[in-house]
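The values are calculated or read from the model by the stated rules, or taken from the named source; none is laboratory data. The shown structure was predicted, so the numbers you read here are calculated from the model rather than taken from an experiment. No Cβ is skipped: glycine too gets one built from the backbone with ideal geometry, and neighbour counts run over all protein chains shown.
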Amino acid sequence: MGLRGYLTKRAIVALVTLFVIATLNFMIFQVISPLDPTRTFVDPKFTKAMRDALLAQYGLLEPIQTRYIKYITNIFTWNFGISFATMTPVVNELAWRLPNTVLLLGTALIGTVLVGLPLGMMAASRRGKKLDMLTLAGGLFANGVPVFFIQLIFLLFFSYYMFIWFGFQFFPSRGMVSIPAPTDPIRYAADVLWHLAQPALSLIVGGFGGWALYIRNMMIDALTQDYITTARAKGLSERSVLYRHAFRGILPPIVTILALSIPGIVTGAVITEYIFTWPGIGSWYLAGLLGADFPVVQAVFFLYALLMLIANLVADLLYGVLDPRVRVGIRR
């Protein structure tokens with residue numbers, strides 16, 4: 001079986017898995033539907049007839065098989081239905097919130113990798129020295145402290161105390177843009193970046209430690225392999241051994257981690273967006289969960305599952321490109 005046949009088989013399995021996940025996504029909310037989502041945002045004094053009329057408008061009084069067919073049709077046509085809370089199409093709100101979340105978490109992921117990956121490689125190449133010890137200490141501390149605690153410290157220092165001491169905030173404490181927003185496009189972009197800096201930096205500080213430790217440990221293991229000993233015996237420079245041989249050997253697991261990080265970029269960081277009042281998918285999902293806005297929560301669940309399956313397919317493809325052993329195994 002060649003690479004094309006292998007990927008086709010994986011794609012079929014992914015589609016079946018996605019359908020099963022979508023069905024479970026529907027059934028979960030049917031189990032908790034007796035909670036009555038209207039109770040979270042409707043006047044308690046509403047009569048039963050008024051409440052039933054509202055439930056009928058939402059389609060919640062239809063037979064379960066009818067609701068399931070509508071749900072599957074909506075979810076696989078990128079419709080997602082109507083929000084209970086706002087009575088607007090879920091896809092409309094998803095369309096403007098999604099870029100905000102991708103901007104925040106995409107920036108944080110890129111920054112985390114750019115800091116953690118070279119730091120872990122340098123620590124592995126200098127094992128037992130000061131840089132390695134500092135990387136271990138910093139990585140363990142950053143990886144052990146909850147991200148929300150780091151973010152609260154950032155807010156306390158850069159927003160509150162900076163204003164108390166110097167009369168200005170180094171970073172804004174909330175939102176994505178100033179109010180009123182600048183009308184000039186360049187000033188508007190600069191204002192968004194100013195608001196982006198604090199939440200993105202807090203995520204980088206909280207996330208680089210795990211990356212640095214993971215890369216360091218994989219590099220140390222790679223540097224003990226026989227092919228590294230052979231490369232050094234040939235007289236290759238240590239830089240060449242490190243980057244062209246050892247790093248290439250650990251690329252497949254790095255690709256897997258990166259691929260599996262993509263769904264998190266899109267579906268949002270709930271706590272981060274809540275703390276910094278960032279208008280993204282995470283804060284929207286939290287509001288939907290607390291308000292029993294089932295179509296919103298189902299849309300986020302489905303989007304995460306879809307992206308996770310796509311990420312796995314991309315990782316499988318890149319494995320075949322990066323690792324010759326995978327290609328040989330597929331052909332067999």
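Return the only residue of 106, 139 being in contact with a Gly (Cβ under 6 Å, 6 or more places away or on another chain) and either modelled with pLDDT of 85 or more or under 21 Å from residue 216 (Cβ atoms) (or both). Matching residue, one of 106, 139: 139. List the number of the failed condition for residue 24; all other conditions in (1) over 17 Å from residue 90 (Cβ atoms); (2) at pLDDT below 85; (3) assigned to a helix (DSSP H, G or I) hold. Every condition holds for residue 24 apart from (2).
Does region 167-211 hold any residues that are outside any helix (DSSP H, G or I) and either in contact (Cβ under 8 Å) with a residue 12 or more places away in the chain or among the aliphatic types (A, V, I, L, M) (or both), and which are they?
170, 171, 172, 173, 174, 175, 176, 177, 178, 179, 181
If the condition is being aliphatic (A, V, I, L, M), without any contact (Cβ under 8 Å) to a residue 24 or more places away in the chain, part of a helix (DSSP H, G or I) and farther than 18 Å from residue 303 by Cβ, then region 49-95 contributes 49, 50, 53, 54, 55, 56, 69.
So for region 139-147 (the condition being within 30 Å of residue 254 (Cβ to Cβ), out of contact with any strand residue (DSSP E or B) (no Cβ under 9 Å at 6 or more places or on another chain) and either outside any helix (DSSP H, G or I) or among the basic types (Lys, Arg) (or both)), does at least one residue qualify? Don't jump to the end; show me each part of the working.
Of region 139-147, the ones within 30 Å of residue 254 (Cβ to Cβ) are 139-147.
Subsequent filtering for residues that are out of contact with any strand residue (DSSP E or B) (no Cβ under 9 Å at 6 or more places or on another chain) retains 139-147.
After this cut, where a residue has to be either outside any helix (DSSP H, G or I) or among the basic types (Lys, Arg) (or both) as well, the list is 145-146.
Looking through region 139-147, at least one residue is within 30 Å of residue 254 (Cβ to Cβ), out of contact with any strand residue (DSSP E or B) (no Cβ under 9 Å at 6 or more places or on another chain) and either outside any helix (DSSP H, G or I) or among the basic types (Lys, Arg) (or both).
Figure legend. Inter-residue proximity from region 12-27: first residues within 16 Å of residue 304 (Cβ to Cβ), second residues in a helix (DSSP H, G or I) and hydroxyl-bearing (Ser, Thr, Tyr), beta-carbon distance below 6 Å, spacing 6+ or different chains. Indicated pairs: 26/68; 26/71. When the helices (runs of 4 or more DSSP H) confined to region 249-332 are screened for residues that are modelled with pLDDT of 80 or more, in contact with a Ser or Thr (Cβ under 9 Å, 6 or more places away or on another chain) and surrounded by 17 or more Cβ atoms within 10 Å (Cβ to Cβ), those reaching at least 2 such residues are found at 270-275, 281-290, 294-322. Suppose the filter is touching a Gly at 6+ places or on another chain (Cβ under 9 Å), at pLDDT 80 or above and assigned to a helix (DSSP H, G or I); does residue 6 pass it? So residue 6 fails the test.
Note on region 79-101: residues that are within 24 Å of residue 196 (Cα to Cα) and buried (at least 17 other Cβ atoms within 10 Å of the Cβ) total 6. Across region 175-206, the number of residues qualifying as farther than 18 Å from residue 274 by Cα and of a type in the set (Gly, Ala, Ser) comes to 3. For the subset of region 69-78 comprising residues that are surrounded by fewer than 16 Cβ atoms within 10 Å (Cβ to Cβ) and of a type outside the set (Lys, Arg), which member is nearest to residue 24 (Cα to Cα)? Of everything passing the filter in region 69-78, 72 is nearest to residue 24 (Cα to Cα). Residue 90 fulfils the conditions (1) more than 30 Å from residue 19 (Cα to Cα); (2) in contact with a Phe, Trp or Tyr (Cβ under 6 Å, 6 or more places away or on another chain) except for a single criterion, (1).
Could you tell me whether residue 214 is in contact (Cβ under 8 Å) with a residue 24 or more places away in the chain, hydroxyl-bearing (Ser, Thr, Tyr) and surrounded by fewer than 20 Cβ atoms within 10 Å (Cβ to Cβ)?
Numbers: in contact (Cβ under 8 Å) with a residue 24 or more places away in the chain: yes; hydroxyl-bearing (Ser, Thr, Tyr): yes; surrounded by fewer than 20 Cβ atoms within 10 Å (Cβ to Cβ): yes.
It is true that residue 214 is in contact (Cβ under 8 Å) with a residue 24 or more places away in the chain, hydroxyl-bearing (Ser, Thr, Tyr) and surrounded by fewer than 20 Cβ atoms within 10 Å (Cβ to Cβ).
Within region 160-187, which residues are aliphatic (A, V, I, L, M) and either loosely packed, with under 12 Cβ neighbours inside 10 Å or out of contact with any Asp or Glu (no Cβ under 6 Å at 6 or more places or on another chain) (or both)? Answer for region 160-187, where residues must be aliphatic (A, V, I, L, M) and either loosely packed, with under 12 Cβ neighbours inside 10 Å or out of contact with any Asp or Glu (no Cβ under 6 Å at 6 or more places or on another chain) (or both): 162, 164, 176, 179, 181, 186. Look at (1) assigned to a helix (DSSP H, G or I); (2) under 28 Å from residue 176 (Cβ atoms); (3) in contact with a helix residue (DSSP H, G or I) (Cβ under 6 Å, 6 or more places away or on another chain) and you find that residue 121 fails only one, number (2).
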